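Colleague: Structure in structure tokens, see below.
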Amino acid sequence: MEHHIIDIGPYQLAICLIFVVISGIASIVYSLKLEKDLLIGTVRTFVQLFILGYVLKFVFAMSNMFLVIGVFAFMIFFAAWTIYGRVKDKQIHFFFPVFVSMLLSFFLVAFLVTAVVVNVKPWWEPRYFIPLGGMVIGNSMNAIAIAIERLIGDLKSKRGEIEMKLCLGADSREASKLLLQKAMQAGMIPSINSMMAVGMVFIPGMMTGQILSGSDPLIAIKYQIVVMIMLTGSTALGTLITVLLVRNRCFNKAEQLVLKPD
Amino acid sequence: MGNNSVIRCENISFQYTEGSTLFSDVSLSINPGGFYLVRGPSGSGKSSFLRLMNRLEEPSQGTLYFKGIPFSEMTAPELRRQVLYIQQTPIVTDGSVKDNLLMPFTFKNNRTLPLPDDSHLRGVLDEFSMEMIPLDKQARNLSVGQQQRLCLIRGLLLSPSVILLDEPTSSLDDESSLIVENMAESLCLNAGKTIIMISHRGFRPHTIKPTIIEVKDGRLTVLPQE
């Protein structure tokens with residue numbers, strides 16, 4: 001069966017805005033004060049995705065390894081900056097180590113998936129590497145932000161317990177071990193929950209996209225399985241490395257907790 | 001300044017945050033086996049002074065010595081095992097009384113220390129008026145006073161030479177406070193421990209003459225024994 005992808009024309013795209021209008025009306029009627037954010041969000045969705053579309057078209061056409069890696073690094077830089085912005089406590093400067101660890105760990109995961117699992121040749125083929133890499137970054141970004149926020153929050157609120165252990169001869173790793181575990185769990189639980197619910201509760205976006213663009217559902221599910229496992233792996237790796245780095249920055253060489261209470 | 005001092009502070013200053021100096025240019029010696037009471041108004045820096053002595057805080061200037069060795073030449077866990085700091089509010093972890101007592105021995109730096117057996121733990125608990133407390137009782141179910149004693153005993157198992165008590169009775173009733181205060185005095189008198197204690201209750205040891213360290217207006221003054 002031949003499948004033609006149905007393009008969405010400008011008028012059809014405009015019809016979508018009716019859903020935004022409905023949401024806007026609901027916001028006004030119930031005084032949700034979300035009209036401005038809805039408008040900005042809608043404009044940004046259009047602008048950002050059109051820019052992305054043209055950038056991807058350019059990158060696909062150029063088919064240059066360094067350009068692909070450059071785009072990937074830029075996406076990670078932006079993700080690390082977003083994480084830094086989301087974590088409210090700014091006593092610890094962790095942007096650079098988080099950026100470097102995300103770059104290395106996500107590159108490793110994306111490389112393994114494209115080069116070994118999907119077996120794309122060359123491994124940096126932009127049509128595969130950038131979307132898969134983007135999913136790794138997007139999913140892990142949330143997990144890392146949750147884990148760092150949790151770790152810093154707990155280190156501040158449980159200062160007494162940490163110092164009790166330090167006073168009894170523990171080093172900073174031993175004193176903060178439980179909090180590190182809790183932060184890791186907080187970051188990883190959403191990805192594990194997704195694995196539990198996938199296919200039963202929701203059909204993932206990537207698989208939906210593939211089916212809509214004409215792929216056999218049995219091919220689409222295999223890609224989705226790879227993606228789910230890849231996301232869990234990258235979330236675990238990214239969360240572990242960044243949480244360890246941030247934890248190390250919360251203590252100094254004299255095994256003192258340098259985070260001050262609020 | 002005594003050469004045989006257990007802790008010596010040399011020209012130390014301390015700022016909690018940039019620009020807020022709590023005390024400056026303090027020099028004093030703590031003699032082994034002494035009983036010191038730290039006094040001063042709230043916020044004067046009494047707790048910070050104690051936290052400096054087991055290196056939970058770092059002085060902005062000056063040097064601290066433990067038995068003549070600069071703090072910077074010891075690892076923090078090694079120093080803290082010798083200079084035990086007991087917090088104002090007792091903190092016990094999930095698990096039994098025994099789990100709590102043995103918790104310090106799970107730390108890498110304490111693994112060379114002999115692990116106390118049940119009869120030893122029982123003996124120490126009995127010594128500090130906790131005869132009725134079984135080793136397998138959940139530590140969080142103890143009263144606050146019992147938890148404070150448990151915290152003190154947990155630290156004593158590491159055989160520290162100095163014990164810093166940061167208002168250990170502030171959250172206790174009179175009866176529990178008295179037990180903890182008597183424990184502190186007995187540790188000094190019978191076990192030769194150096195005790196440095198902040199107490200708001202106007203506590204005075206029964207038999208030992210304490211040395212008073214007054215923290216006031218950014219200065220620390222050692223008052224003569226009363």
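Colleague: Please determine, by comparing only the residues of region B:72-85 that are facing chain A (nearest Cβ under 8 Å) and either among the basic types (K, R) or touching a residue at least 40 places away in the same chain (Cβ under 8 Å) (or both), which one is nearest to A:A254 (Cα to Cα).
Modeller: By that ranking, first place goes to B:R80.
Colleague: Hey, can you tell me all the residues within region B:97-114 that are within 14 Å of chain A (Cβ to nearest Cβ) and not in a helix (DSSP H, G or I)?
Modeller: B:F107, B:R111, B:T112, B:L113
Colleague: Continuing with the same structure: Failed condition for A:M141, given (1) within 14 Å of chain B (Cβ to nearest Cβ); (2) assigned to a helix (DSSP H, G or I), with all others met?
Modeller: It fails just one condition, (1).
Colleague: Being part of a helix (DSSP H, G or I), assigned by TED's automatic domain parsing to the domain that holds A:A145 and surrounded by fewer than 13 Cβ atoms within 10 Å (Cβ to Cβ) narrows it down to one residue among A:F72, A:F96, A:F58; which is it?
Modeller: Only one candidate qualifies: A:F96.
Colleague: Return the residue satisfying two criteria in turn: it lies in region A:175-203 and is assigned to a loop (DSSP other than H, G, I, E, B) and surrounded by 15 or more Cβ atoms within 10 Å (Cβ to Cβ), and of such residues it is farthest from the chain's Cα centre (by Cα).
Modeller: Looking at the filtered set, the residue picked out is A:S176.
Colleague: OK, next. Which one of these is touching a Cys at 6+ places or on another chain (Cβ under 9 Å) and within 27 Å of B:R55 (Cβ to Cβ): B:T194, B:T169?
Modeller: None of the others qualify; the one that does is B:T194.
Colleague: Restricting attention to region A:248-262, which residues are more than 10 Å from chain B (Cβ to nearest Cβ) and assigned to a loop (DSSP other than H, G, I, E, B)?
Modeller: A:L259, A:P261, A:D262
Colleague: Could you check region B:31-60 and list, in sequence order, the residues that are outside any loop (DSSP other than H, G, I, E, B) and out of contact with any helix residue (DSSP H, G or I) (no Cβ under 8 Å at 6 or more places or on another chain)?
Modeller: Once the filter is applied, which keeps residues that are outside any loop (DSSP other than H, G, I, E, B) and out of contact with any helix residue (DSSP H, G or I) (no Cβ under 8 Å at 6 or more places or on another chain), region B:31-60 yields B:Y36, B:L37, B:K46, B:S47, B:S48, B:F49, B:L50, B:R51, B:L52, B:M53.
Colleague: It is to be established whether one or more residues within region B:90-101 are touching a Phe, Trp or Tyr at 6+ places or on another chain (Cβ under 7 Å), within 28 Å of B:N190 (Cβ to Cβ) and either among the β-branched types (V, I, T) or free of Cβ contacts under 8 Å to residues at least 40 places away in the same chain (or both).
Modeller: no
Colleague: While we're looking at this one, here's another question. Give region B:52-69 a look and list any residue that's within 12 Å of chain A (Cβ to nearest Cβ) and without any contact (Cβ under 8 Å) to a residue 40 or more places away in the chain, or say none.
Modeller: B:R55, B:L56, B:E58, listed by residue number.
Colleague: Further question on the same structure: Mind checking which residues of region B:117-160 are under 21 Å from the mean Cα position of the chain (by Cα), surrounded by fewer than 17 Cβ atoms within 10 Å (Cβ to Cβ) and either within 14 Å of chain A (Cβ to nearest Cβ) or within 22 Å of A:I162 (Cα to Cα) (or both)?
Modeller: Result: B:S143, B:V144, B:S159.
The values are calculated or read from the model by the stated rules, or taken from the named source; none is laboratory data. Note that the structure is a prediction, hence the values are computed from the model and not measured. Here the Cβ is made from the backbone with ideal geometry for all residues, glycine too, and neighbour counts use every protein chain on show.
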